[in-house]
Amino acid sequence: MVRIPLAVVRTFFAVVLQGLATFICGSYLIVLLKVRPRTRQVPRVMRIWANSFLFVTNTRVTVEGADRIDPSGSYVFTGNHTSNLDIPVIMGRLPVSNRFLAKKELFKVPVLGGAMHAIHMVETDRRVGPAAHRAINDQVATVIAAGLSLMIFPEGTRSEDGDLLPFKKGAFRIAVDNAMPVVPVTIVGAFEAWRPHAKLIFGGRVTLIIHDPIPTEGLTAADLNDLRDRARNAVAAGFDRDTD
């Protein structure tokens, strides 16, 4: 009985406070990067934004396997996508600074879009063919040159029922082309905390499982299917372990 009213209140405050946090953090990053392009404050501000959202939505995150990666390394993270909470979970709790592939519509949102451009989020347009791939590769090159990591959801969209969808090969092509290790991650609990298209945020416990990195040095396009399957199997194993 109390769960729904609490979710209503939580959702209201989440929308209002996170809108304010987006405006403050986004504006700060836009100005800061114009004045000090080499500043090291960006990861800190991104984590403040993400963790503030997790806090106000009462999303309590446990991270497992952080010791499997080097905080100074550069990786391609690939994981399941079931909730809008996935991005703040990754941004706020992964122990490395990472950037996302984001649809172009988000870059048109005032302040948010400007901040995303400023911190080198990768803009994607699914409606464009080969030209889009070249544009993505150019943006990815900028991210890699800065020693950052990429987070890509290989399913291509959020799962409507929480089940793991087939993985597409794009993320793994990027990893192979740039000899970056692939790190599968499993996000457990985000679906229940905030389901796709749901109007209410319930929050709750979320577990972020970081699996062993998969090296890509020496791999070619012929290895993409196997690499994709290995990553998906690792992500699926996180769910299987959680339900044992």
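Since every read-out is calculated from the coordinates, none of them should be taken as a lab result. Remember, it's a predicted structure, so these values are computed and weren't measured experimentally. Here the Cβ positions follow ideal geometry from the backbone for every residue, glycine too, while neighbour counts run over all protein chains shown.
Secondary structure note: in the chain, about 20% of the DSSP beta bridges are antiparallel. By the scheme Lys and Arg +1, Asp and Glu -1, what is the net charge of all other residues having a beta-carbon under 14 Å from that of residue 9? Summing Lys/Arg as +1 and Asp/Glu as -1 gives +3. According to the Cα-based calculation, Rg over Rh for the chain is 0.95, with Rh computed by the Kirkwood formula.
Once you put a point 7 Å from the Cα of residue 55 and another 7 Å from the Cα of residue 145, both along the Cβ direction, what distance in nm separates them? Using points 7 Å along Cα→Cβ, the separation is 3.6 nm. With R₀ fixed at 22 Å, the C-beta to C-beta distance from residue 35 to residue 178 puts the FRET efficiency at about 0.15.
Within the chain, the whole DSSP H helices whose Cα atoms reach 24 Å or more along their own axis and whose mean Kyte-Doolittle score is at least -0.5 are 3-35. With contributions of -39500 (n - 2.57) from each DSSP H run of at least four residues, the per-residue ellipticity at 222 nm computed over the chain stands at -14500 deg cm²/dmol. You can think of it this way: the chain between residue 222 and residue 192 has 7.1 nm of extra reach, that is 0.36 nm per residue less the Cα-Cα gap.
Based on the reciprocal of the average 1/r between different C-alpha atoms, the Kirkwood radius for the range 179-233 equals 13.4 Å. Restricting the trypsin sites (Lys or Arg not before Pro) of the range 123-220 to loop positions (DSSP other than H, G, I, E, B) with no more than 12 neighbouring Cβ atoms within 10 Å leaves 126, 127, 199.
For the charge dipole of the chain, defined by +1 on Lys and Arg C-beta atoms and -1 on Asp and Glu C-beta atoms about the Cα centroid, which residue among 151, 203, 49 has the Cα displaced farthest towards the positive pole? Going by the Cα projections, it comes out as 49. Rounded to 0.05, the FRET efficiency of the residue 157 and residue 47 pair, given R0 = 25 Å and the Cβ-Cβ distance, is 0.45. In this rough spin-label picture, where each label sits 7 Å from Cα along the Cβ direction, the residue 13-residue 103 distance is 3.0 nm. Mind jotting down the distance between the C-alpha centroids of the range 16-78 and the range 160-177, whole Å? Their Cα centres are 23 Å away from one another. Which entries in the list 169/199; 108/169; 103/168; 108/168 go over 21 Å, if you measure between the two C-alpha atoms of each? Violating the 21 Å limit, Cα to Cα: 169/199; 108/169; 108/168.
Measuring r between the beta carbons of residue 212 and residue 169 and using R0 = 25 Å, the FRET efficiency lands at 0.75. Give the order of 177, 86, 212 when sorted by the count of other beta carbons within 10 angstrom, beginning with the fewest. Listing 177, 86, 212 from fewest to most nearby Cβ atoms yields 212, 177, 86.
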